[in-house]
Amino acid sequence: MDSSVALLLFGGFAVMMACNLPIAVSLGFSSVLVIWAVDLAPLQVLPQQLFSATDSWTLLAVPFFILAGNLLAKTAISARLVRLASVVVGQFPAGLGMVAIIVSIFFAGISGSGPADTAALGAILIPAMVKAGYNKNFSGALMAAGGGIGIIIPPSIALLIYGVVANASISKLFIAGILPGILIGLSLFVVVYLRCGRDPNIRPEKRGSLRDIAIALKDAIWGLLAPVIILGGIYGGIFTATEAAVVAVVYGVLVGFFIHRDLKWRDLPEILVDSGMTSGVVMILVCTASVFAWVLNTTGIAAAGAASLMGVASGKVIGLLLINAILIVAGCFMDAISIFYVFLPILLPVVKALGIDLVHFGVIMTVNLAIGQITPPVGVNLFVACGIARISMKEISRAVLPLVGAQAAALLIISFWPDLSLWLTRFVKTL
């Protein structure tokens with residue numbers, strides 16, 4: 001591989017990003033630049049690559065999960081889950097902070113999107129936490145960190161994309177994300193308790209009676225059942241991840257329009273348009289990133305990068321630490337989908353050589369990208385939380401540091417304890 005080709009590809013990408021062009025445009029133009037400059041292939045290869053990138057049965061799950069998430073997010077399910085968690089644990093020290101984490105874990109099983117979770121739950125919990133005496137900056141940071149759990153616990157669009165790119169089992173990836181996602185939540189629990197557990201300015205919630213808990217549970221039951229139905233169907237081999245996405249849409253329609261009746265038929269066009277726009281952005285990114293990945297492989301840049309990385313990684317421990325460091329840094333500047341397509345062609349040969357299970361590595365990579373959602377300058381969850389809390393990026397970036405540290409510690413446990421991710425997958429029936 002000529003190093004000038006790699007310089008042209010990554011240099012062109014960096015320049016376009018520095019010019020504030022969208023990342024999908026930057027990936028696409030830098031790829032076309034290399035194809036044209038080195039006469040890599042006829043330009044007719046572009047439409048072929050763009051078509052093959054999206055010609056996937058598995059990727060059909062993306063728009064369906066997005067639609068299902070929008071349907072359920074626009075109901076009052078989030079408020080009902082918050083109410084249930086509040087009457088159960090709200091009276092404990094830092095109880096409302098714990099409520100935020102618990103609800104983030106449950107809502108992750110509905111949405112599959114970090115920014116969507118942050119927006120849906122933050123609109124309810126950030127004002128409530130501030131009113132109860134929590135620091136506004138920390139409240140926003142906590143909701144942003146909790147939203148990151150949304151791409152770890154299934155259904156996860158990030159795990160879905162990883163499975164397509166790495167050719168790994170989507171069903172196993174979904175199940176593998178459950179325990180690591182809970183561990184990330186527990187790491188946030190520790191920070192919340194140490195930060196807020198003994199703060200005299202924080203007022204605990206009123207203790208809920210058994211009757212209050214029963215009423216709250218009855219109201220929240222349809223929200224609690226959503227992840228059970230989706231994951232239970234996949235876990236039991238009843239349907240694939242793509243079929244589970246369709247089931248989730250049907251469930252969202254039934255709950256939103258007929259059971260809770262939070263949605264009206266006049267809301268449907270807006271929901272469909274929002275879902276279509278989000279799906280379109282994701283698919284455009286998939287298309288241009290797949291062309292970038294094709295250029296990496298065809299020019300030999302990916303193989304050369306993998307060889308260089310193997311030369312530095314003297315063993316599995318050093319290799320995993322190095323890979324985690326690369327992904328953490330990449331997550332500060334790029335979105336999850338782009339990172340999968342740009343870095344996986346380089347990392348997969350290294351991962352296989354080190355003997356790391358592809359499902360386990362998918363979880364490792366996704367946890368890294370969840371941390372990337374709360375690290376500036378491109379932490380998307382931070383931007384969402386800033387808008388809700390009406391604070392600056394500088395203020396929330398300082399407040400989020402202990403939460404990033406806690407998640408990084410959990411990441412190390414997930415990286416070096418494979419059974420945490422893989423234990424449940426041994427019981428999964430795949431279709």
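Quick notes
- Listed by first and then second residue, the pairs with beta-carbon distance under 7 Å, at least 6 apart or on different chains, first residue in the stretch 231-245 and more than 15 Å from L159 (Cβ to Cβ) and open to solvent by less than 20 Å² (accessible area, probe 1.4 Å), second at pLDDT 80 or above and part of a helix (DSSP H, G or I), are G233/A244; G233/V247.
- Residue check, G223 surrounded by 19 or more Cβ atoms within 10 Å (Cβ to Cβ), in contact (Cβ under 8 Å) with a residue 12 or more places away in the chain and of a type outside the set (A, V, I, L, M, F, W, C): yes
- The stretch 197-220: number of residues that are surrounded by 16 or more Cβ atoms within 10 Å (Cβ to Cβ) and over 31 Å from the mean Cα position of the chain (by Cα): 2
- The criterion of at least 2 residues that are open to solvent by 60 Å² or more (accessible area, probe 1.4 Å) and among the aromatic types (F, W, Y) is met by the following helices (runs of 4 or more DSSP H) wholly inside the stretch 1-102: 23-37.
- Residue within the stretch 341-351 that is more than 22 Å from the chain's Cα centre (by Cα) and open to solvent by 10 Å² or more (accessible area, probe 1.4 Å) present: yes
- Every pair of residues 6+ apart whose Cβ atoms lie under 7 Å, when the first sits in the stretch 396-409 and is in contact (Cβ under 8 Å) with a residue 24 or more places away in the chain while the second is open to solvent by 50 Å² or more (accessible area, probe 1.4 Å): P402/R195; A406/V190
- Test: residue in the stretch 309-317 that is of a type outside the set (K, R) and under 23 Å from V404 (Cβ atoms): yes
- Pairs meeting the criteria (first residue in the stretch 74-93 and polar (S, T, N, Q), second residue open to solvent by 10 Å² or more (accessible area, probe 1.4 Å), beta carbons under 6 Å, at least 6 apart or on different chains) are T75/H260; T75/D262; S78/A120; S86/E205; Q91/P204; Q91/E205; Q91/R207.
- Single match in L179, L194, L186 (criterion: at pLDDT 90 or above, more than 21 Å from the chain's Cα centre (by Cα), closer than 28 Å to I374 by Cβ and assigned to a helix (DSSP H, G or I)): L194
- Pairs, first farther than 14 Å from A73 by Cα in the stretch 253-275, second part of a helix (DSSP H, G or I) and open to solvent by 40 Å² or more (accessible area, probe 1.4 Å), C-beta under 9 Å, six or more apart: I259/W222
- Within the stretch 287-320, the residues that satisfy the criterion of being open to solvent by 60 Å² or more (accessible area, probe 1.4 Å), of a type outside the set (A, V, I, L, M, F, W, C) and either assigned to a helix (DSSP H, G or I) or modelled with pLDDT of 85 or more (or both) are N297, T298, S308, G311, K316.
The values are calculated or read from the model by the stated rules, or taken from the named source; none is laboratory data. All of these numbers come straight from a predicted model, not from anything done at the bench. Positions of Cβ are backbone-derived with ideal geometry, glycine not excepted, and every protein chain shown enters the neighbour counts. SASA here: full protein model, heavy atoms, side chains in, ligands and nucleic acids out. Shrake-Rupley method; radii C 1.70, N 1.55, O 1.52, S 1.80 Å.
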